[in-house]
Amino acid sequence: MTQKTHKVLKQAKSRALIDSDTYHDWYKQSVKNPEKFWGKHGKRIDWFKPYTKVKNTSFTGKVSIKWFEDGLTNVSYNCIDRHLKTRGDQTAIIWEGDNPYDDRKITYNELYDQVCRLANVLKSNGVRKGDRVTIYMPMIPEAAYAMLACTRIGAIHSIVFGGFSPDALAGRIVDCESTFVITADEGLRGGKKIPLKHNTDQAVAIAGRSDVVVKKVLVVQRTAGKVDWFDSRDIWYHEAVARAKPDCPPAKMKAEDPLFILYTSGSTGKPKGVLHTTGGYLVYVSMTHQYVFDYHDGDIYWCTADVGWVTGHSYIVYGPLANGATTLMFEGVPNYPSPSRFWDVIDKHQVNIFYTAPTAIRALMGAGDAHVTKTSRKSLRTLGSVGEPINPEAWEWYYNVVGEKKCPVVDTWWQTETGGIMITPLPGATDLKPGSATTPFFGIQPQLVDNDGDVLEGTAEGNLCITDSWPGQMRTVYGDHERFIQTYFSTYKGKYFTGDGCRRDADGYYWITGRVDDVINVSGHRMGTAEVESALVSHDAVSEAAVVGYPHDMKGQGIYCYVTLMEGATGGDELRKDLVRHVRNEIGPIASPDKIQFSPGLPKTRSGKIMRRILRKIAEDDFAALGDTSTLADPTVVTDLIDNRQNKK
Ligand code: WTA
């Protein structure tokens, strides 16, 4: 394969915070003496009481991860108060509504006022330090206020993406026993309304069956659509905030006090509550935000993610605001009202740094260059990509057409668990190779191992592990530390296992090849095949289900479901539609199956284990390479599966 390299751009080098020599120098220091390196960079945030201990971490035994443990700080203080003297009147958040005529600018002074008021509303409704607050919101500034208000008083937020169903929301409310929910009447995306309050009402009822009683629901009025109202439980956000005091002292938090829980999918079981803590997380996200995007004071920065995902947490809210940036928050979708929307918004607000997902890039590439070229995009300086592997064609289009060869593309690899960006180019330091996330950030020590755990050196392909801790790392699975150890540190003893496959080339560049476990990545949304399977089998007609991913031109991966039916049920398009509806209700629209194949049986080993390798191959229409099927209990099943495959090329 011929592989293109794009040398560091002159214009990027001339202004960059980090050049190539500095990168290598700092990287060496960071892995040679992490205490010294992070001891220094930990000071980039303000501490009420400085730390004296920097790193106290172990990936073996009970696995314990502590950074800056004796320091005291507060996240909202760092994201707001400390900027007021120098940039109180600077815009903190540019809000761009779903409708292009709808926008708003919020200064740091206004942010302070809004967050303090909301923090007081939380307090007066009984929310205390350590309590869990669920946030189920559209992309409106109040979502950021809600996060920051929680951090101000030391409450732990758990954001649930607005696209999740009432069932999924209920499961997350119950898991962390959250009794306070913040939502909106309705969300608005691409001109369509999303019934968030209605979903919340249902979720609260479902949670009640597990004895988790939600006491208060705070409701932002977004569309003024009609909603049901429960006087003893529901509170209008605008009324409560108007009455609240405009000052609220920030709680002095220990560095290792929990900051937030974010549920994410794994290969087995229910989604896990990934727990991030206060000090190390903020140091790591602010530092990566500054250096990865080469952020300079005054830059307008836009990350198109939703705050319901980790990218929104770290790179719409916490990283940028900790750095005193102007961060743009977008309520809508890339193709509404036209496929020029992203580029129009960039021109309208003079965006300098733009961070989005490959799935959006591919979709917009498909819409044709004219939608891009008719816009100016002169303000752009750095382009970023995140969430899934970016194919070289999409990378080149992003670089050539969107960036007109003037903007480095930073392909950033990381995970909900890692808190912040781990493997990434730095704009003024790293030569770029389309499709490669390139080299590790400061302090990150990647390692490739084979399936036996043997370390692979040099040019190699294997399972990606990280051998030592970094400040942004998750600390535990909320309420289940054993699961934390089992999931991440037991496959390869003493190492954090990412679940990703990866290749390292002769230049030491890393190429993420995708998940090696039963997690699929659909349009940058992470999903456990087990979750979709359990949604399918909860349907009356379904006896058994196996779900795999397959390559999808737009979404990266599509969801392919093999379903065996109950006695008496018949498979057909009607049932297919019904199953799709059912999965959307159970999880949410992001989990909609793309293909459903009815089959009399699934390929199993004699011990009853489903052979997913075979199912993956059939879903990819690559059954010439099925490999050894002799261990199957009933090899004839495979013939039927092949004959009735849904992805014939
Ligand atoms: C995938 C999103 C290739 C990967 C921040 C990872 C990527 C999972 C990239 C985490 C990238 C993320 N190149 N693959 N630049 N970024 N991934 O938790 O498989 O939603 O394990 O975090 O997305 O998804 P998550």
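The values are calculated or read from the model by the stated rules, or taken from the named source; none is laboratory data. What you see is a predicted model, and the numbers here were worked out from it, not measured in a lab. All Cβ positions, glycine included, derive from the backbone under ideal geometry; neighbour counts span all protein chains shown. Please note that ligands, DNA and RNA were not included when accessible areas were found on the heavy atoms of the full protein model with its side chains. Shrake-Rupley method; radii C 1.70, N 1.55, O 1.52, S 1.80 Å.
Given the rule -39500 (n - 2.57) for each run of at least 4 DSSP H residues, summed and divided by the residues of the chain, what is its mean residue ellipticity at 222 nm, to the nearest 500 deg cm²/dmol?
That comes out to -8500 deg cm²/dmol.
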For peptides 213-223, 600-610, sequence by mean Cβ density within 10 Å, most packed first: 213-223, 600-610
Beta bridges by DSSP in the chain, antiparallel share as percent, to the nearest 5: 60 percent
The chain: Cys lacking any partner C-beta under 4.7 angstrom: C79, C150, C176, C303, C407, C465, C502, C561
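Cα-Cα over 31 Å: which of K197/K555; K53/K105; K36/K272?
Long pairs (Cα-Cα over 31 Å): K53/K105; K36/K272.
Applying a 10 Å radius around every beta-carbon, put 243-250, 75-82 in order of their mean neighbour count, most first.
Numbers: 243-250: 15.0, 75-82: 24.4.
Highest-to-lowest ranking by the protection proxy: 75-82, 243-250.
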Greater than 18 Å apart at Cα, pairs in K10/K374; K595/K648; K193/K226; K609/K648; K66/K270: K10/K374; K609/K648; K66/K270
Ratio Rg/Rh, restricted to the stretch 523-644 and using Cα atoms, in which Rh is the Kirkwood radius: 0.95
Viscosity 0.692 mPa s, 37 °C: Kirkwood-radius Stokes-Einstein D of the stretch 104-243 over Cα pairs, µm²/s: 220 µm²/s
Gap separating the Cα centres of the stretch 33-51 and the stretch 471-506, nearest whole Å: 25 Å
Heavy-atom surface of the chain, accessible at 1.4 Å and reported per residue (Å²): 38 Å²
Long-range Cα-Cα pairs in the stretch 10-503 (distance over 41 Å), rounded percent: 15 percent
Where T327, T570 fall by accessible area, highest first, once all protein chains stay in place (1.4 Å): T570, T327
Alpha carbon centroid spacing (whole Å) that separates the stretch 88-107 from the stretch 518-564: 38 Å
Size of charge dipole - the stretch 381-450 - debye, nearest 20, with Cβ of Lys, Arg +1 and Asp, Glu -1, no other charges: 320 debye
Inter-site label distance for D505 and D297 at 7 Å from Cα along Cβ, in nm: 3.9 nm
All aspartates and glutamates inside 18 Å of K216 as judged from Cα atoms, apart from same-chain residues fewer than 8 positions distant: D131, E142, D175, E177, D185, E186, D201, D228, D231, D234, E239
Centre separation in Å (Cα based) which lies between the stretch 208-287 and the stretch 589-649: 42 Å
For the stretch 24-38, Karplus couplings with θ = phi - 60° (6.51, -1.76, 1.60), whole Hz, Gly/Pro x: 5, 5, 5, 4, 4, 4, 5, 8, 6, 9, x, 4, 5, 4, 6
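If you count, for each residue, the other Cβ atoms within 10 Å and average over each peptide, how do 405-412, 84-91 line up from highest to lowest? It would help to have the intermediate numbers written out before the result.
Working: 405-412: 21.1, 84-91: 14.0.
Packing proxy ranking, top to bottom: 405-412, 84-91.
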Pair T22, M554: separation of 7 Å Cα→Cβ label points (nm): 4.2 nm
Per-residue HN-Hα couplings for the stretch 316-321 [Karplus 6.51, -1.76, 1.60; θ = phi - 60°; Hz; x = Gly/Pro]: 9, 9, 5, x, x, 5
Compactness of the stretch 1-85 as Cα Rg over 2.2 N^0.38 Å, two decimals: 1.53
Charge context of V160, other residues only, Cβ under 12 angstrom, K/R +1, D/E -1: -1
